[in-house]
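Some notes on the structure that comes next.
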Amino acid sequence: MHVKQRWRPRHGVAAVATVFLALCATLLTGTPSPASPSASVATASDPAAAQAGRPMENLGRGVVAVRTSPTQVLVSWRLLGLDPQGIGFNVYRSTAGGAAVKLNSAVLTGGTNYTDATANLTQSNSYHVRPVVGGAEQAPSAAFTLTGNHAQEPVVRVPLRDGGPVKFVWAGDLDGDGAYDYVLDRQTSPQRLEAYTGDGRFLWQVDMGPNSQNQDNIEPGSATIDVGHNDGVTVYDFDSDGRAEVAVRIANGVTFGDGTTWTHSDDSRQFMAILDGRTGALRNWASVPTDYLADGPMAARLGVAYLDGTTPSLVAYMKNRRDNGDFNLMMAAWRFDGDSLDQQWKWLRGNANAPDGHNTRAIDIDGDGTDEVAEIGFVLDGDGTLEYSMGEEGVVHGDRFHIADMDPGRPGLEGYGVQQSNPSGLLEYYYDASDGSMIWRHSGSPADVGRGMAGDVDPRFPGMEVWSFSGLYNAPGNRLTEPDSSLRPWPQLGLWWDGDLSMELLNDGKIEEWDPANPTPSGSLPRLVTTWNHGAVTAAQGGPTLVGDLFGDWREEAVYTNAAYDELIIFTTNQPTNTRLYTLAHNPAYRNAMTFKGYMQSHHVDYFLGNGMSPPPRPDITYAGAGSRSPDRP
C-alpha cells in the first residue's frame with residue numbers, strides 16, 4: 001500500500017469505500033455556580049462566557065433508577081456543567097405506560113436524586129425529570145424504565161453478544177443522543193473491538209487481524225490491544241461535532257466495521273486510525289513515526305488532551321524493546337478535524353533521564369488553560385517539549401501516580417507517586433505538579449511499591465490522604481495518620497459512591513468504606529457492595545473494565561461483565577445524598593482521565609473534592625455539536 005500522511009474521504013459511503021480499498025490495495029448541598037445554559041433557559045446565561053472554554057460532550061440528564069428496597073426506588077440524574085444558577089428539578093413517573101405523575105411536592109434544589117416510596121413495583125415504572133428555571137418547567141429528559149418486579153440491586157445491566165473475555169470498556173456518545181455508548185475489547189485471537197449503544201444494541205465489530213495474535217504484554221503484535229499497561233484504543237469526540245469517534249492503533253490485516261480491510265506489505269508498520277463511532281468505518285489515518293521501527297512494532301497507550309486548551313488531541317505513549325533489554329519511548333499527538341488526521345508533534349526520550357510508568361495523565365498542571373501530558377517522572381508541555389523531569393530528583397520507574405488538588409490550602413495541584421525498586425531507597429514522594437519540585441519524600445529499603453492511592457478518606461485532617469504499603473499519610477501535613485499496616489485501607493481504587501465527601505474504595509470486587517475513627521483490618525472493611533453477589537467477574541487486570549461518572553448524579557459507576565461475557569454489569573449508587581455537584585464528566589481533568597487506561601487508576605477532578613470543600617467553580621467548557629446554546633438534551 002502506498003502510504004500518504006493523510007487521506008481525505010469523499011462524499012458518500014460507496015465513494016469512501018472505493019478510495020479506501022484503492023489505498024489498501026496499493027455542592028455541594030445548595031445551588032451550583034453560575035453557568036451558561038442551553039437555549040431553553042438562555043435568559044439566565046452570560047453570552048460572553050458561552051463563547052469560551054473547551055468543547056465537551058453535550059450530555060443529557062442521564063436519568064437512572066435502581067430498586068433500593070422492597071418498596072423504594074432511588075432516581076438520580078445529572079447536574080450539567082453549564083446549568084444555570086438556581087436550577088431545580090421535578091421528578092415524574094409513568095406506571096405501566098400511563099400518564100406521567102409528578103412525585104415531588106416542591107421543586108428539588110439539593111442533591112440531584114429522589115427516593116420514590118410510592119411506586120407499584122410489580123409493574124414497569126418510567127422516570128424522567130424536568131428542569132425548573134426561574135419557576136418555569138423546561139423540556140423533559142429522556143426516561144429510564146425500571147421493569148416490573150425488578151431485582152433489588154444497585155445495577156444497570158446492558159446485554160452483549162457472545163464473544164469472549166473483556167478487559168476494557170470505553171464510554172463515548174457514539175450517536176450524538178446525549179447518552180454514553182460503549183466500546184469494548186474481546187480478548188480472543190485475533191482480538192476484536194465491539195460497539196454498543198447505552199441500552200445494549202450492537203453497532204459494529206472491528207477484527208484486529210493476525211497481527212493481534214501475539215499478545216505478549218511487553219512485546220505484543222503490531223495490532224494487539226489491551227495487554228499489560230498498553231491499550232491502543234480510546235474513544236472521544238475528537239472533531240467536536242457531537243458524536244464520538246474511536247481512535248485505534250492498527251496494522252496490516254485489520255478489518256473495519258464496514259468490512260474493508262487495511263493492508264500493508266510490512267506487518268511491523270503501524271498507523272493511527274480514526275473510526276466512525278456509529279459504523280466502525282475508517283474516517284482517516286496517519287502513520288505512526290518509524291524512528292524505532294528497527295526494534296519492532298510499538299505497544300501503545302492512548303488518551304485525550306486539550307493541548308491548546310480548546311481542541312481535543314489524540315495523545316499516544318508508545319514503547320518497544322531493544323535487543324539489550326532497554327526500552328525506546330516515543331510520545332506523539334494528532335489532531336482530527338473531521339476530515340484529516342494530522343500529527344502535531346512527537347517526542348523521543350532517547351537517553352534523557354525521563355522516567356515513565358504504567359499510566360498516563362493529561363491535565364492542566366499550571367493553570368494556564370492548556371493541558372500537559374504527565375508520566376510518573378516527567379511532564380510534556382502542550383507543544384511536545386519537555387516541561388520538567390524528576391529524574392534528577394531520584395525518581396525512577398513506578399507503578400502508580402496521582403495528580404489532583406490534594407491540599408486545598410495550597411495553590412495549584414499536587415502529585416503523589418510510588419517507586420519500583422528504586423536503588424536510592426525512595427519509596428514514595430509528594431510534589432508540586434506545576435514544576436515537579438519535591439514537597440516531601442519517604443525512603444527505606446529498596447522495594448517494589450506496587451500500589452499507591454490518593455483521596456480524602458479521613459475528615460479529621462484537611463486535604464487528601466495518600467497511602468501505599470508504607471503507611472497512610474495526610475498529604476498536606478506529611479502526617480502518619482494510621483501507622484498500623486493492618487488497619488489502613490488497601491491502595492487500589494477510589495470510588496465516589498455513598499454521597500458523603502469521604503471517598504469510598506473499590507478493591508477486588510468490593511465497594512468498601514474505611515472508618516478512620518474505628519479502623520478495621522483491610523481485609524474486613526465495612527462493605528457497601530459485593531460485586532460478585534450480582535454476577536460480576538473481575539477483568540483481566542483484576543478490577544473493573546471501566547470506572548467513570550456515566551449517568552445519574554456525580555457519583556461514579558464501576559463496569560464489570562458477567563462470567564459469560566454477554567452482559568455489562570454497571571454498578572451505580574443506591575444511596576441518596578444532599579450533596580450537589582455538576583457531573584464529573586464535565587470536569588476537564590476527570591474526562592481526560594476517563595480516556596486513558598494503562599494500569600487502571602482513579603480519576604481526579606481539577607478542584608479539591610473532599611471534606612470541607614468549597615463549591616467548585618463552573619467548568620470553562622462549551623457543549624460540542626450544535627453549539628453551547630443547543631437545546632437541553634433529554
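Pull up the range 320-341, narrow it to residues that are over 20 Å from Ala286 (Cβ atoms), assigned to a loop (DSSP other than H, G, I, E, B) and of a type in the set (D, E, K, R), then point me to the one that is farthest from the chain's Cα centre (by Cα). Write out each step before concluding.
Keep residues of the range 320-341 that are over 20 Å from Ala286 (Cβ atoms), which gives 321-327.
Next cut, assigned to a loop (DSSP other than H, G, I, E, B) only: 322-326.
Filter again for of a type in the set (D, E, K, R), leaving 322-323, 326.
Details: Arg322: 32, Asp323: 35, Asp326: 31 Å.
The extreme case among them is Asp323.
Give the residue that is farthest from Arg186 (Cα to Cα), with candidates limited to residues of the range 515-568 that are of a type in the set (Val, Ile, Thr) and assigned to a loop (DSSP other than H, G, I, E, B).
Thr520
Could you look through the range 286-314, keep only residues that are touching a helix residue (DSSP H, G or I) at 6+ places or on another chain (Cβ under 9 Å) and part of a strand (DSSP E or B), and pick out the one that is nearest to Asn214 (Cα to Cα)?
It comes out as Gly303.
Can you pull out every residue in the range 583-627 that is within 30 Å of Asp116 (Cα to Cα) and touching a Phe, Trp or Tyr at 6+ places or on another chain (Cβ under 7 Å)?
Thr583, Leu584, Pro616
Taking only the range 149-159 into account, find how many residues are part of a loop (DSSP other than H, G, I, E, B) and more than 21 Å from the chain's Cα centre (by Cα).
5
Quick check: anything in the range 253-270 crowded, with 20+ Cβ neighbours inside 10 Å and either within 30 Å of Tyr623 (Cβ to Cβ) or at pLDDT below 95 (or both)?
Looking through the range 253-270, at least one residue is crowded, with 20+ Cβ neighbours inside 10 Å and either within 30 Å of Tyr623 (Cβ to Cβ) or at pLDDT below 95 (or both).
I want to confirm something. Restricting to the range 196-226 and keeping residues that are of a type in the set (A, V, I, L, M, F, W, C) and open to solvent by 10 Å² or more (accessible area, probe 1.4 Å), which single residue is farthest from Thr561 (Cα to Cα)? Quick ask: steps written out before the conclusion?
Kept after step one, since they are of a type in the set (A, V, I, L, M, F, W, C), are these residues of the range 196-226: 202-204, 206, 208, 218, 223, 225.
Now narrow it down to the ones that are open to solvent by 10 Å² or more (accessible area, probe 1.4 Å): 202-203, 218.
Details: Phe202: 16, Leu203: 18, Ile218: 26 Å.
Among those that are of a type in the set (A, V, I, L, M, F, W, C) and open to solvent by 10 Å² or more (accessible area, probe 1.4 Å), it is Ile218.
Here is a list of conditions, (1) surrounded by fewer than 24 Cβ atoms within 10 Å (Cβ to Cβ); (2) hydrophobic (A, V, I, L, M, F, W, C); (3) modelled with pLDDT of 95 or more; (4) in a loop (DSSP other than H, G, I, E, B), and Phe238 meets all of them except one; can you say which number that is?
In the conditions (1) surrounded by fewer than 24 Cβ atoms within 10 Å (Cβ to Cβ); (2) hydrophobic (A, V, I, L, M, F, W, C); (3) modelled with pLDDT of 95 or more; (4) in a loop (DSSP other than H, G, I, E, B), Phe238 misses (1) alone.
Test of understanding: among Asp368, Asp407, which residue is in contact with a strand residue (DSSP E or B) (Cβ under 7 Å, 6 or more places away or on another chain) and not β-branched (Val, Ile, Thr)?
Values: Asp368 fails: in contact with a strand residue (DSSP E or B) (Cβ under 7 Å, 6 or more places away or on another chain).
So the residue among Asp368, Asp407 that is in contact with a strand residue (DSSP E or B) (Cβ under 7 Å, 6 or more places away or on another chain) and not β-branched (Val, Ile, Thr) is Asp407.
Would you check if there is a residue in the range 461-468 being open to solvent by 50 Å² or more (accessible area, probe 1.4 Å) and modelled with pLDDT of 95 or more?
Yes: one or more hits.
Test each condition in (1) at pLDDT 95 or above; (2) among the polar types (S, T, N, Q); (3) closer than 21 Å to Asp231 by Cα for Thr538 and report the one that comes out false.
Evaluating Thr538 over (1) at pLDDT 95 or above; (2) among the polar types (S, T, N, Q); (3) closer than 21 Å to Asp231 by Cα leaves (1) as the failure.
Let's see how each residue does on (1) under 16 Å from Asp498 (Cα atoms); (2) open to solvent by less than 10 Å² (accessible area, probe 1.4 Å); (3) in contact with a Leu (Cβ under 8 Å, 6 or more places away or on another chain):
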residue: Thr538; (1), (2), (3): no, no, no
residue: Thr545; (1), (2), (3): no, yes, yes
residue: Glu556; (1), (2), (3): yes, yes, yes
residue: Asn562; (1), (2), (3): no, no, no
residue: Glu567; (1), (2), (3): no, no, yes
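Just for strands (runs of 3 or more DSSP E) wholly inside the range 342-444: which have at least 1 residues that are open to solvent by 40 Å² or more (accessible area, probe 1.4 Å)?
Details: elements: 361-363, 372-374, 378-380, 386-389, 401-404, 414-418, 426-432, 438-443.
Hits in the range 342-444: 386-389, 438-443.
Could we say that Arg527 is surrounded by fewer than 24 Cβ atoms within 10 Å (Cβ to Cβ) and under 30 Å from Glu567 (Cβ atoms) here?
In short, yes.
Taking the condition of being closer than 22 Å to Pro617 by Cα and touching an Asp or Glu at 6+ places or on another chain (Cβ under 8 Å), how many residues in the range 64-105 meet it?
Residues of the range 64-105 that are closer than 22 Å to Pro617 by Cα, as a first pass: 77-89.
Filter once more, so that each one left must be touching an Asp or Glu at 6+ places or on another chain (Cβ under 8 Å): 77-79.
Selection size over the range 64-105: 3.
Failed condition for Met438, given (1) at pLDDT 95 or above; (2) within 21 Å of Tyr599 (Cα to Cα), with all others met?
Result: Met438 passes all but (2).
Applying the selection to the range 448-469, what residues are farther than 14 Å from Gly417 by Cβ and small (Gly, Ala, Ser)?
Scanning the range 448-469 gives Gly455, Gly463.
The values are calculated or read from the model by the stated rules, or taken from the named source; none is laboratory data. Everything numeric here is computed off the predicted structure, so don't read it as measured data. Methodologically, a virtual Cβ is constructed for each residue, glycine included, from the backbone with ideal geometry; neighbour enumeration extends over all protein chains shown. The protein model used for the area step is the full one, side chains on, heavy atoms only, and it has no ligands, DNA or RNA in it. Shrake-Rupley method; radii C 1.70, N 1.55, O 1.52, S 1.80 Å.
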